[in-house]
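K.L.:
Take this structure, written in structure tokens, and hold onto it; I'll ask about it next.
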Amino acid sequence: VVETLSEKLEGGSGGISVAADGRVFVADFGEMLNGKGTPGTRVYVVEPDGSSRVYASGFEGASGNEFGPGGILYQSNIRGGYISKVFSDGHIERWVSDGLALPVGIATARSGDLLVANCGNNTIRRVTLDGNSTEFAKSELLACPNGITVDDVGNVYVANFDNGNVVRISTDGGTSVLATLPGKNNGHLIYFDRYLYVVARSAHQIYKVSLDGATELLAGSGVQGLDDGPGAKATFSYPNDIGVSPDGRYLYVNDVADLSSTGVSLAPMVIRRIRIAN
């Protein structure tokens, strides 16, 4: 079942991360894609009851994000080309820029290092928690890598923004296409409980993908809209990122609330949730 959680939030749909206490942290990418419009400067926090407030500000195109050790939120700045640390009091600190080119998704490797998806040069960077940045993967299969996640044994999965492919990077560094979703334009993805949950952005749908590549439509009729209801009948509007609640009951997705958008305009946004367990 899909339901709308928040009111409309100013700013465009960037990343989503869910804290251990169930609060949802949503990045403001900015008004437009492709370097147009004003870059987003804010990260919002959305409470489980749907209320929201600005948690931190001062970013340059807030895109993907990830909680790391100590409750620090690591926030990509796609327009600035660096990653910020966001501390629990909302204070932000510019952290790493070396080797980053239009950074978007961030994931935590099993080693504890961060993996960053570079849309700008089709690479994945590994960043240690002391700030050392090195290349982790480069492949012709990566096409503006957007979302990134890691499974239980260390395999990495990347959702391409420039096509519908989900790319698997094995622990030995080999790359292969795991699955191809409709719409030719993916948002982000997350690994949870032996499955990937992937946003097919331009198809206005959310898919469940097994680790052997089998795909199953989870939610979204494929028609652009903001209608709540049963998964296959509900509608989405250029959804982008996805997160899971600590108890595994809900997935959270950010949608473009302007139904006249063709996917270039990203603002305002609204937070939806999908119930996947009782």
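The values are calculated or read from the model by the stated rules, or taken from the named source; none is laboratory data. Just so it is clear, the structure is predicted and the values come from calculations on it, not from any experiment. With ideal geometry, Cβ positions are generated from the backbone for all residues, glycine too; neighbour counts draw on all protein chains shown. Surface areas here come from the heavy atoms of the whole protein model, side chains and all, with no ligands, DNA or RNA. Shrake-Rupley method; radii C 1.70, N 1.55, O 1.52, S 1.80 Å.
K.L.:
What number of residues in segment 66-100 are closer than 22 Å to GLY22 by Cβ, part of a loop (DSSP other than H, G, I, E, B) and among the polar types (S, T, N, Q)?
P.N.:
1
K.L.:
Does ASP98 satisfy the condition of being open to solvent by 30 Å² or more (accessible area, probe 1.4 Å), modelled with pLDDT of 95 or more and touching a strand residue (DSSP E or B) at 6+ places or on another chain (Cβ under 6 Å)? If you could, list the steps in order and put the result at the bottom.
P.N.:
Working: open to solvent by 30 Å² or more (accessible area, probe 1.4 Å): yes; modelled with pLDDT of 95 or more: yes; touching a strand residue (DSSP E or B) at 6+ places or on another chain (Cβ under 6 Å): yes.
In short, yes.
K.L.:
Restricting attention to segment 45-60, which residues are touching a residue at least 12 places away in the same chain (Cβ under 8 Å) and not in a loop (DSSP other than H, G, I, E, B)?
P.N.:
Correct list: VAL45, VAL46, SER52, VAL54, TYR55, ALA56, SER57.
K.L.:
A follow-up question, please. Test of understanding: among ARG272, ARG168, which residue is charged (D, E, K, R), surrounded by fewer than 22 Cβ atoms within 10 Å (Cβ to Cβ) and not in a loop (DSSP other than H, G, I, E, B)? Before the answer, list the steps.
P.N.:
Working: ARG272 fails: surrounded by fewer than 22 Cβ atoms within 10 Å (Cβ to Cβ).
Selected residue: ARG168, the only one of ARG272, ARG168 that is charged (D, E, K, R), surrounded by fewer than 22 Cβ atoms within 10 Å (Cβ to Cβ) and not in a loop (DSSP other than H, G, I, E, B).
K.L.:
For segment 101-115, check the following and say yes or no: at least one residue is touching a Lys or Arg at 6+ places or on another chain (Cβ under 8 Å), in a strand (DSSP E or B) and open to solvent by 10 Å² or more (accessible area, probe 1.4 Å).
P.N.:
The answer is no; no qualifying residue exists.
K.L.:
Taking the conditions exactly as written (under 22 Å from PRO239 (Cβ atoms), among the polar types (S, T, N, Q), assigned to a strand (DSSP E or B) and open to solvent by less than 60 Å² (accessible area, probe 1.4 Å)), does SER63 satisfy them or not? Walk me through it before giving the result.
P.N.:
Numbers: under 22 Å from PRO239 (Cβ atoms): yes; among the polar types (S, T, N, Q): yes; assigned to a strand (DSSP E or B): yes; open to solvent by less than 60 Å² (accessible area, probe 1.4 Å): yes.
Answer is yes for this residue.
K.L.:
Another question about this same structure. Looking only at segment 117-146, which residues are closer than 20 Å to GLY35 by Cβ and not in a loop (DSSP other than H, G, I, E, B)?
P.N.:
Answer for segment 117-146, where residues must be closer than 20 Å to GLY35 by Cβ and not in a loop (DSSP other than H, G, I, E, B): ALA117, ASN118, THR123, PRO145, ASN146.
K.L.:
If you don't mind, another one. Those residues that are more than 18 Å from ASN118 (Cα to Cα) and assigned to a strand (DSSP E or B), I need them from segment 178-196; list them, please.
P.N.:
The initial filter retains those residues of segment 178-196 that are more than 18 Å from ASN118 (Cα to Cα), namely 178-184, 191-196.
Passing the criteria: LEU178, ALA179, THR180, TYR191, PHE192, TYR195, LEU196.
K.L.:
Determine if segment 204-218 includes at least one residue that is closer than 20 Å to PHE29 by Cα and either open to solvent by 40 Å² or more (accessible area, probe 1.4 Å) or touching a strand residue (DSSP E or B) at 6+ places or on another chain (Cβ under 7 Å) (or both).
P.N.:
Keep residues of segment 204-218 that are closer than 20 Å to PHE29 by Cα, which gives 204.
Now narrow it down to the ones that are either open to solvent by 40 Å² or more (accessible area, probe 1.4 Å) or touching a strand residue (DSSP E or B) at 6+ places or on another chain (Cβ under 7 Å) (or both): 204.
Within segment 204-218 (the criterion being closer than 20 Å to PHE29 by Cα and either open to solvent by 40 Å² or more (accessible area, probe 1.4 Å) or touching a strand residue (DSSP E or B) at 6+ places or on another chain (Cβ under 7 Å) (or both)), the answer is yes, since at least one residue qualifies.
K.L.:
Continuing with this model, one more query. Identify, by number, the condition in (1) touching a Phe, Trp or Tyr at 6+ places or on another chain (Cβ under 9 Å); (2) under 15 Å from SER84 (Cα atoms) that ILE124 doesn't meet.
P.N.:
Status for ILE124: all satisfied but (2).
K.L.:
Also, quick follow-up: If you check every pair at least six apart or on different chains, which have Cβ atoms under 8 Å apart with a residue in segment 237-265 that is of a type in the set (Lys, Arg) first and a residue that is open to solvent by 10 Å² or more (accessible area, probe 1.4 Å) second?
P.N.:
Hits for this filter: ARG249/ARG275; ARG249/ILE276; ARG249/ALA277; ARG249/ASN278.
K.L.:
Conditions: (1) modelled with pLDDT of 95 or more; (2) within 17 Å of the chain's Cα centre (by Cα). LEU33 meets all but one. Number of the miss?
P.N.:
(1)
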